[in-house]
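A.B. asks: Take this structure first; my questions come after.
The values are calculated or read from the model by the stated rules, or taken from the named source; none is laboratory data. Predicted, not measured: the structure shown is a model, and the values here were computed from it. So basically every Cβ, Gly included, is an ideal-geometry build from the backbone, and we count neighbours across all protein chains shown. Ligands, DNA and RNA are excluded from the accessible area calculation, which covers all protein heavy atoms including side chains. Shrake-Rupley method; radii C 1.70, N 1.55, O 1.52, S 1.80 Å.
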Amino acid sequence: MSEREEQLARLARGWDEAVTGYESYYVPRFAPWVRDGVNAVIAAAIPEGPVLVPCCGTFPELDALVAQFPDREIVGIDLSAGMVRRARERAAGHPRVRVVEGDASTLDPRWTGRCAAVVSIFGLQQLPEPDVALRSWTAALRPGGRLSVVFWPSNTESEGPFALLSEVLRARIPAGDQSWEHRLVDSMTAAGAATARDELRTHPMTHPDAATCFHAHTRSGPLRALADARGSLFIDQLRNDFLHRAPAGPWTHHPRARHLVADVADGVRPETL
Ligand SMILES: C[S@@+](CC[C@H](N)C(=O)[O-])C[C@H]1O[C@@H](n2cnc3c(N)ncnc32)[C@H](O)[C@@H]1O
């Protein structure tokens with residue numbers, strides 16, 4: 001197994017273990033951003049063709065998509081077998097909806113130039129090369145098609161649990177290379193789409209208290225794979241640092257996600273694909 005394959009396998013296992021907690025803790029809290037991402041596609045006059053949802057997780061995007069596009073082929077893709085299982089439960093009863101297990105970093109070439117829309121929420125920042133993936137997702141669009149991607153940038157807030165978590169983490173693990181964030185618009189352009197929106201979307205989020213927030217993040221959220229890899233001593237120390245600096249009681253914050261929307265003009269498919 002290559003290093004990249006091992007990394008993906010670890011990430012997939014982490015999400016497998018997180019599914020139930022993710023669905024109950026994060027899906028309601030992330031719902032406003034899911035609405036932003038899906039609404040950008042619903043609001044557009046997209047052409048005929050499938051709608052792809054890379055990194056669909058438990059597939060919270062699905063209900064609004066099916067309500068708007070009841071006769072479309074809608075395809076979720078996720079790396080985690082556990083997430084795929086839960087997404088298939090949500091998709092049951094919708095014969096035109098499928099969920100595929102696999103790495104969404106590079107889409108199968110059979111999608112190239114075929115899709116009416118690609119919608120992805122909170123998956124891009126987890127991919128090994130997000131800018132390369134975004135180019136592949138854009139290339140899946142047909143003329144008139146729309147891409148709508150919401151993701152967490154490196155800087156989501158100046159204060160709040162996400163900021164504090166990243167501070168206590170950075171004291172132990174250096175930040176990864178975030179230069180890809182500056183290459184995303186070029187990726188979409190290179191694949192033949194024009195940027196329609198590039199903005200930060202802020203919504204309030206409330207946690208019952210800091211300990212619950214830490215528990216959710218490390219057991220049912222994005223830090224689960226790291227927690228598995230580093231073990232309980234590491235997580236105990238991280239929790240101590242976090243709780244030591246966190247406020248008491250319910251904690252409301254206003255994190256910013258970045259929302260990118262891009263369109264391929266009608267009748268146009270670039271030579272660059
Ligand atoms: C934070 S969850 C978001 C799920 C859903 N879109 C939502 O808004 O709730 C991120 C998802 O991305 C998936 N993921 C991470 N890397 C992936 C990859 N390379 N290919 C496909 N899915 C991936 C994870 O398995 C996880 O289900």
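A.B. asks: Just the number please: accessible area per residue for the stretch 1-68, 1.4 Å probe, all protein chains included, in Å².
C.D. replies: Dividing the accessible area of the stretch 1-68 by its residue count gives 44 Å².
A.B. asks: Per 0.36 nm of contour for each residue apart, how much would the distance between E167 and A211 grow if the chain were fully extended, relative to their Cα-Cα spacing? Spell out each step's value before the answer.
C.D. replies: Values: separation 44, 0.36 × 44 = 15.84 nm, distance 1.63 nm.
Full-extension gain reported as 14.2 nm.
A.B. asks: Just subtract the alpha-carbon distance of A194 and E73 from 0.36 nm times their residue separation and send over the number in nm, one decimal. List each step's numbers first, then the result.
C.D. replies: Details: separation 121, 0.36 × 121 = 43.56 nm, distance 2.46 nm.
Gain on extension, A194 to E73, equals 41.1 nm.
A.B. asks: Now for a different question. Rounded, prolate or oblate for the stretch 1-148? Axes are the square roots of the Cα gyration tensor eigenvalues, ordered a ≥ b ≥ c, and the cut-off for rounded is a/c under 1.5. Before the final figure, lay out each step's value.
C.D. replies: Numbers: a/c = 1.67, a/b = 1.20, b/c = 1.39.
It comes out oblate by the Cα gyration axes.
A.B. asks: Using a 1.4 Å probe, what is the accessible area per residue for the stretch 118-273, in Å²?
C.D. replies: Numbers: 7050 Å² over 156 residues.
I get 45 Å² per residue for this part.
A.B. asks: Taking square-rooted eigenvalues a ≥ b ≥ c of the alpha carbon gyration tensor, is the chain rounded, prolate or oblate, where a/c under 1.5 means rounded and, failing that, a/b exceeding b/c means prolate? The partial results should precede the final answer.
C.D. replies: Numbers: a/c = 1.72, a/b = 1.64, b/c = 1.05.
Cα axes put the chain in the prolate bin.
A.B. asks: Under a plain spin-label model, where a point goes 7 Å from the Cα along Cα-to-Cβ, how far apart in nm are T112 and A45?
C.D. replies: 3.0
A.B. asks: Now, a different point. What part of the accessible area of the chain, given as a whole %, is carbon or sulfur when the probe is 1.4 angstrom?
C.D. replies: Values: 6160 of 12440 Å².
Using a 1.4 Å probe with all protein chains present, the chain comes out at 50 percent carbon and sulfur.
A.B. asks: Can I ask one more? So, in Å, what gap is there between the alpha-carbon centers of the stretch 131-174 and the stretch 104-120?
C.D. replies: Cα centroid of the stretch 131-174 versus Cα centroid of the stretch 104-120: 19 Å apart.
A.B. asks: Only four residue types carry charge here, +1 at the Cβ of Lys and Arg and -1 at the Cβ of Asp and Glu. Report the dipole size of the chain about the Cα centre in Debye, rounded to the nearest 20.
C.D. replies: Working: 30 positive and 34 negative charges, 68 e Å.
Dipole magnitude for the chain comes out near 320 debye.
A.B. asks: In whole angstrom, how far apart do the alpha carbon centroids of the stretch 1-80 and the stretch 176-208 sit?
C.D. replies: Between the Cα centre of the stretch 1-80 and that of the stretch 176-208, the gap is 17 Å.
A.B. asks: Under 18 Å from a label point 7 Å along Cα→Cβ of T252: give me every residue in the stretch 1-39 with its amide N that close.
C.D. replies: Inside the label zone: 28-33.
A.B. asks: How far, in nm, would the chain grow between E3 and D266 when pulled straight, counting 0.36 nm per residue and subtracting the alpha carbon separation?
C.D. replies: Working: separation 263, 0.36 × 263 = 94.68 nm, distance 4.06 nm.
Difference between extended and current length: 90.6 nm.
A.B. asks: Right, here's the next one. Taking the Cα centre of the stretch 144-273 as origin, sum charge times position over the Cβ atoms of Lys and Arg (+1) and Asp and Glu (-1), and report the length of that vector in debye to the nearest 20. Can you show the working numbers first?
C.D. replies: Values: 14 positive and 15 negative charges, 59 e Å.
In debye, rounded to 20, the stretch 144-273 gives about 280.
A.B. asks: By average Cβ neighbour count within 10 Å, what is the ranking of 207-215, 110-118 from highest down? Working shown, then result.
C.D. replies: Details: 207-215: 17.9, 110-118: 19.7.
Result, highest mean first: 110-118, 207-215.
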